[in-house]
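A short write-up of the structure that comes next.
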């Protein structure tokens, strides 16, 4: 049970406090309710670009890292399709340094041309290195465009194309900032060797005067139900053939999400899973194979992905995957098999909650989902899943007309 307190400043900033006096450290985590799904289709990559720009200095603090390091702290950030998260950890006695840094860049990020030019260059190099020049780097660009026709999950967090980031200007950046990076769209979590009353004082001192901003209300186009199988083939200079297949699944808070989370573990979650045992170890069709999903807040994707053993025909590998999928649809999994993945899920959740930084991140995430208390109750939703639920959900998700297949051939 993760104990926390929650309060809201007058400007709408939600603040959660988790006291843990077993550590001398404190974590300050700010999550913004904006991800790549919130971008203009003609100007993608902005959420990720902003993750970089936020470290480019604010009006009163030209260098974010230097004062944090002097206070004994470290920081990082990440962007997903659904959110952007910034976090730092430092000795608890220096926690006000983190409040000062985070509040100043929320209030007055420096929109200098030089900073924008530098960070655009960094992001463009990242795009080239990981998605253009790297073997298999464009795999998920192609798969997302195949699987999605309407929803903005159809482009990667890095952006749909390089030119969108290259052409970003100061006006674009300012508009994005003042639309999304406001207290009303943010969650502040403070965890570790802290006291609630002191956090209230610091939150009001450093964040209380920042203008609220306008609440961002999402009106994203829903992805239509897929009614026919889609397939694409790519030929590239890569060492091995790769096979990727996806199916649409339920959204993060739907019951089907928890069912499919367990089903993917049964199918391809590690060395003891069905697909790994059958297709990697026994039949030796793949050198490695995984079945997983993306944990998307909106309706997401289940994926099966693997590299083929040299000499194995793509059609043979695809047929073998389909056979394993058909088995889980035709015959209920055993109670023992289901219990095993439930226990594994419980262990993963417990392990994630061991670190104070992970706890802070999870509290922010569940608050973003609508209820931070889910952090303490969500495990019950997994325990409620039955073998019949697994079979029924697999029959719905793994329909052939809900599938998207990418054959990535080695030249």
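The values are calculated or read from the model by the stated rules, or taken from the named source; none is laboratory data. On a predicted model such as this, the values are computed, not experimentally measured, just so you know. Here the Cβ is made from the backbone with ideal geometry for all residues, glycine too, and neighbour counts use every protein chain on show.
The residue pairs whose first member lies in the stretch 302-317 and is not assigned by TED's automatic domain parsing to the domain that holds residue 244, whose second member is surrounded by fewer than 23 Cβ atoms within 10 Å (Cβ to Cβ) and modelled with pLDDT of 95 or more, and whose beta carbons are closer than 6 Å, counting only pairs six or more residues apart or on different chains, do not exist in this structure. In the stretch 165-185, the residues that are free of Cβ contacts under 8 Å to residues at least 60 places away in the same chain form Cβ pairs under 8 Å with partners that are part of a helix (DSSP H, G or I) and surrounded by fewer than 14 Cβ atoms within 10 Å (Cβ to Cβ), at six or more places apart or across chains, as follows: 170/113.
Among the criteria (1) farther than 22 Å from residue 218 by Cβ; (2) assigned to a loop (DSSP other than H, G, I, E, B), the one residue 81 does not fulfil is (1).
Does the stretch 147-156 contain at least one residue that is surrounded by fewer than 17 Cβ atoms within 10 Å (Cβ to Cβ) and outside any strand (DSSP E or B)? Yes. Among the conditions (1) within 19 Å of residue 101 (Cβ to Cβ); (2) touching a helix residue (DSSP H, G or I) at 6+ places or on another chain (Cβ under 7 Å); (3) crowded, with 16+ Cβ neighbours inside 10 Å, the only one that residue 51 does not satisfy is (2). In this structure, does residue 63 turn out to be in a loop (DSSP other than H, G, I, E, B) and closer than 19 Å to residue 155 by Cα? Criteria not met by residue 63. In the stretch 23-48, how many residues are assigned to a strand (DSSP E or B) and crowded, with 23+ Cβ neighbours inside 10 Å? Summing the residues that are assigned to a strand (DSSP E or B) and crowded, with 23+ Cβ neighbours inside 10 Å in the stretch 23-48 gives 7. If the condition is being surrounded by fewer than 13 Cβ atoms within 10 Å (Cβ to Cβ) and within 18 Å of residue 338 (Cβ to Cβ), then the stretch 273-287 contributes no residue at all. For the stretch 343-358, filtered to residues that are more than 18 Å from the chain's Cα centre (by Cα) and without any contact (Cβ under 8 Å) to a residue 24 or more places away in the chain, the residue that is nearest to residue 377 (Cα to Cα) is 350. Of everything in the stretch 401-411 that is part of a strand (DSSP E or B) and touching a strand residue (DSSP E or B) at 6+ places or on another chain (Cβ under 6 Å), the residue that is farthest from residue 187 (Cα to Cα) is 409.
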